[in-house]
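For reference, the structure is listed below as C-alpha cells.
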Amino acid sequence: MYRYSLSRLVRHALSDRPWPRAWRQAKPRSHYDVLIIGGGGHGLATAYYLAANHGVQRVAVVERAHIGAGNVGRNTTLVRSNYMMKGNTEFFEFSLQLWEGLSRELNFNVMLSQRGQIVLAHAPAQMDALARRGNIMRLNGIDAELLERAQVRRLLPYLDYSSAARFPVLGGLLQGRAGTVRHDAVAWGYARAADSLGVDIIEGCEVTGFVQDQSGVRGVETNRGRIRADRVAIAVAGHSSQVAALAGLRLPIESHLLQAFVTEPIKPFVNHVISFGAELFYISQSDKGGLVFGGHIDGFNNYTQRGQLPQVRRVAECAVALIPGISRLKLLRHWAGIQDMTPDGGPFICRTPIRHLYLNGGWCYQGFKATPAVGWCLAATIAHDEEHPLVRCYALDRFARGAASLDEYGHGHRPYRH
Amino acid sequence: MLVIPCPLCGERPYTEFHYGGDASKRRPALGGAELRAWHDYLFLFDNPKGPHREYWQHHQGCRQWLLVVRNTATNEVGEVILARHAGTGAGAGPGAR
Ligand SMILES: Cc1cc2nc3c(=O)[nH]c(=O)nc-3n(C[C@H](O)[C@H](O)[C@H](O)COP(=O)(O)OP(=O)(O)OC[C@H]3O[C@@H](n4cnc5c(N)ncnc54)[C@H](O)[C@@H]3O)c2cc1C
Ligand SMILES: [Zn+2]
C-alpha cells in the first residue's frame, strides 16, 4: 500500500506528481473463496476483515454502481453506542471502540469527531427513561451522563428555554464518546485497505441471480458474467429483499425511504450531536458549516430514492421547534436513501437457510455507526460458518423462536413504525 | 407528492391518510393454523420493487380503509377501491381494533 503520511503529503504538495489510485479497478475472476454483494461500508469492511483477520486469500466485492453510491454516502454520519437492549448494547459499543482506532488501522483519516451526543428529555417520564438507559450503559462500561436542565443549558444555550417552549427541556443524556465520522472516508478507507490485501473491488457489476446446487450457493450471475464463489454474502442495504429473492428467500424486511438535509454553511454553532426528545429528529454541524439533520422515514415502503415534500416540512418544523434561532437558514440540499426496515428495528447478521449464503441487512436507521462491527463480525461469521458471539441476537429466525427482543422503543412488529 | 384518489373524496395528499401496510397478506384462520403460518403472516414481506397492494385509511376524510395498488419503484398509484369491497371482510384492515 502507498502509505499516507505527513512527509508524503509535503512531497506531493511540492511536486505535480499525482497521487496514485487508492484501489485497483479489478476485473472479475472466475472463482473466489468469498464473494460479497454490495460495495457499501458494510461490504467493504467485511472484505477487509476477511483478509486482515482471517487471512482469506481470494475475496471479491461486487458493486452494481460505484463505491460510495449507496447509503454509506447518504447517511448523516452519526456514531454512538447508547443502546439499552441486550445484544445491541454490546454490539454498538464494540463498533464505537473499533471507530476509535480506525484511522490508524486503515491509514486513512476517517475524521472521527467525538463531540458528544445529547438526547433531550421534555417530560419527567422521559427523564426516567433516559436515566434507565444511562444506567444500563454504565453497567456495561459505556460512558453516559445524565444532565439536568441547567447543565443542558450550559452546553446548548441556543435551545428554546422560554416559558413559551412547546417542548420544555428538562434534561438530557450525554454520551461524550459519540459523534460523527466522515462517511465517504469510511468507504474509501476500507476499499483502499482491502485492495492492498488483495481484495478485488469490482464496480459496475450487478448481481442478477445465484448459482445454486444441492449443496447450496456456488456463485452468482452478474451483468458481467457468472462468478463462482465458495461463500457468498449479501450486504446491499435497502435491497436485501430484492437480492435474497433471487435465491428464493423471503425476509422479515420492508424497504423504506429516509431523507437527510443540510443547510447553507454557518460559523461553528452546534458543537454536539443533538437528538430531540419530542420527535425523531437529530442535528449536528458538518466541518463545512452546514447543519445536517434528519427525521423519520417517509412512512410507506418504496424504492424511489426521492423524498416526499410534507416530510421536508415536518423535519424543518422539528428543527425550528428545537432551535428557533435557525428559522431563517436556507436548506441547501436534501436527499434520500432506501433502507431495510424490520419488525423489531434490529438487523440481521447471520447464516441463512441456504448453505454458503450469508446475510447482512435490516439496518433500519442505524447501519453507519455499525460499519466496523458489521465487517468484523460478518467476516468472522463467514470464515467460521458460525455466527460471531456478538451477533447471535441478530439471527434471521429470531421471530420464529420468540427470541426477538431488540425493540429499543417498543414500537411493535410493523416495520414502518420503527 | 404522493396523491391518492379516494373513491369517496377524490384526489387527496397522502398526508391525509394513515398507512396500513401490505394488503396481499392473508391472515391465517383462527385456531387451526400452524405457528409457522402465523410467523410468515406477521413477519415476512414480499417487499416488491413494483406494484404493491396496500391499505391506507383516509382518516382525515371519509375514514374508510382503502385498498391501493402503488408502484413502489415510482410511487405511481393504480387502482384504488374501498377495502371492504375487496373481500377482506369488514374491519380486517391492519390497525383495526
Ligand atoms: C438518509 C440516511 C441517513 C442515515 N443516517 C445514519 C446515521 O446518522 N447513523 C447511522 O448509523 N446510520 C445511518 N443511516 C443508515 C446507514 O447509512 C446504512 O444502514 C448503511 O450505510 C448501510 O450499509 P452500507 O454502507 O453497506 O450500504 P450501502 O452504501 O447502501 O451499500 C449497499 C450497496 O449494495 C449495492 N447493491 C444493491 N443491489 C446490488 C446488486 N444486485 N448487485 C450488486 N450491488 C448491489 C448498492 O448499489 C449499494 O452501493 C442512514 C441512512 C440514510 C438513508
Ligand atoms: Zn376518503
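Residues in region B:1-12 that are more than 12 Å from ligand 2 (Cβ to nearest atom) and more than 10 Å from every other protein chain (Cβ to nearest Cβ): B:Val3 alone.
When A:Pro252 is tested against the conditions (1) within 14 Å of chain B (Cβ to nearest Cβ); (2) surrounded by fewer than 22 Cβ atoms within 10 Å (Cβ to Cβ), the lone failure is (2).
Scanning region A:38-89 for residues being more than 30 Å from A:Glu145 (Cβ to Cβ) and either in a loop (DSSP other than H, G, I, E, B) or open to solvent by 10 Å² or more (accessible area, probe 1.4 Å) (or both) gives a total of 25.
Kindly indicate whether A:Met137 is in the same structural domain as A:Gln285 (by TED's automatic domain parsing), in contact with a strand residue (DSSP E or B) (Cβ under 9 Å, 6 or more places away or on another chain), within 28 Å of A:Val315 (Cα to Cα) and modelled with pLDDT of 95 or more. The answer is no for A:Met137. All conditions in (1) within 23 Å of the chain's Cα centre (by Cα); (2) closer than 30 Å to B:Asn75 by Cβ; (3) outside the structural domain of A:Glu386 (by TED's automatic domain parsing) hold for A:Glu264, with the sole exception of (1).
For A:Arg29, state whether it is open to solvent by 70 Å² or more (accessible area, probe 1.4 Å) and part of a helix (DSSP H, G or I). Considered against the rule, which asks whether it is open to solvent by 70 Å² or more (accessible area, probe 1.4 Å) and part of a helix (DSSP H, G or I), A:Arg29 comes out as no. The set of residues in region A:92-115 being under 19 Å from A:Trp23 (Cβ atoms), open to solvent by less than 30 Å² (accessible area, probe 1.4 Å) and outside any loop (DSSP other than H, G, I, E, B) consists of A:Leu102, A:Leu106. Residue check: A:Asn302 meets all listed conditions (1) within 14 Å of chain B (Cβ to nearest Cβ); (2) closer than 30 Å to A:Val152 by Cα but one, namely (2). Of all residues in region B:13-60, those that are more than 30 Å from A:Ala244 (Cβ to Cβ), within 12 Å of chain A (Cβ to nearest Cβ) and not β-branched (Val, Ile, Thr) total 2.
Yes or no, residue by residue, for (1) in contact (Cβ under 8 Å) with a residue 60 or more places away in the chain; (2) among the acidic types (Asp, Glu); (3) touching a helix residue (DSSP H, G or I) at 6+ places or on another chain (Cβ under 9 Å); (4) within 11 Å of ligand 1 (Cβ to nearest atom):
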residue	(1), (2), (3), (4)
A:Gly289	no, no, no, no
A:Gly299	yes, no, yes, no
A:Thr304	no, no, no, no
A:Gly307	no, no, no, yes
A:Pro310	no, no, yes, no
A:Arg313	no, no, no, no
A:Ala319	no, no, yes, no
A:Leu322	yes, no, no, no
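Per the listing A:Pro347, A:Pro372, A:Pro353, the residue uniquely within 16 Å of ligand 1 (Cβ to nearest atom), modelled with pLDDT of 95 or more and either closer than 23 Å to A:Glu279 by Cα or within 14 Å of chain B (Cβ to nearest Cβ) (or both) is A:Pro347. Evaluated against (1) farther than 27 Å from A:Gln117 by Cβ; (2) open to solvent by 10 Å² or more (accessible area, probe 1.4 Å), A:Cys393 falls short on exactly one condition, (1). If you check A:Asp230 against the conditions, is it more than 13 Å from ligand 1 (Cβ to nearest atom) and either open to solvent by 10 Å² or more (accessible area, probe 1.4 Å) or not aliphatic (A, V, I, L, M) (or both)? Against the criterion (more than 13 Å from ligand 1 (Cβ to nearest atom) and either open to solvent by 10 Å² or more (accessible area, probe 1.4 Å) or not aliphatic (A, V, I, L, M) (or both)), A:Asp230 qualifies.
The values are calculated or read from the model by the stated rules, or taken from the named source; none is laboratory data. These numbers were taken from a predicted model, which means no experiment stands behind them. Neighbour counts are summed over all protein chains in view; Cβ atoms, including those assigned to glycine, are modelled from backbone coordinates with ideal geometry. We work out accessible area using only protein heavy atoms, side chains counted, and drop any ligands, DNA or RNA first. Shrake-Rupley method; radii C 1.70, N 1.55, O 1.52, S 1.80 Å.
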